[in-house]
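Shown next, in structure tokens, is the structure this report addresses.
Values in this text are rule-based calculations from the coordinates and carry no lab data. Because the structure is predicted, anything quoted here is derived from the model rather than measured. Neighbour counts are summed over all protein chains in view; Cβ atoms, including those assigned to glycine, are modelled from backbone coordinates with ideal geometry.
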Amino acid sequence: MPSSDAEHVRRLYRAIYRVVRRIPAGRVATYGQVAELAGLPGGARVAGAAMKTSTPADGLPWQRVLGKAGRTRARIAIHDPVGAAVQRQLLEDEGVDIGDSGLVALDRFGWLPGAERRARAGSGRGASPRPRPRSASRRRASSSRR
């Protein structure tokens, strides 16, 4: 790999590591979410590679990054049973509930950057920090269909 490519990869990995360090204890993020927050939309595999090549010296809370398992769930994505057990234990120690198959509910334990700040500032009405998606059936027809 030419040095400019290697430097590019190092910059990407550093951006990913900055995001991972922001994930608070008791919360999780998916590889795709981490990549997007690092400026790499669609870069879940890059985030996975960055996490795989990280070292303890990087000081990452690596256990808080999970694979996506649907809209509302994430899953322990480590295939090595020992590594998966270590990740499970570290997350459970932080209070994250993990199902028997390694699934984590994102609506309870998912991390939303800035949500903690919004909650502290609060509107006093308990508004959800995550907007609800509109279903396609509720969308108005475009003007070309009228």
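Give the Rg (one decimal place) followed by the Dmax (whole number) of the stretch 3-114, computed from C-alpha coordinates and expressed in Å.
13.5, 44
Along the Cα-to-Cβ line of D107, 7 Å from the Cα, sits a label point; which residues in the stretch 66-80 have backbone N less than 12 Å from it?
Answer for the stretch 66-80: 71-73.
Counting Lys +1, Arg +1, Asp -1, Glu -1, what net charge surrounds R10 among other residues with beta carbon under 14 Å of its beta carbon?
Net local charge, R10 excluded: 0.
With a ≥ b ≥ c the root eigenvalues of the C-alpha gyration tensor of the stretch 54-119, is it rounded (a/c under 1.5), prolate (a/b larger than b/c) or oblate?
The shape class here is oblate.
Under 5 Å between amide hydrogens, which residues at least 5 positions from V28 or on another chain qualify, with H placed 1.01 Å from N in the peptide plane?
Here G110, W111 satisfy the definition.
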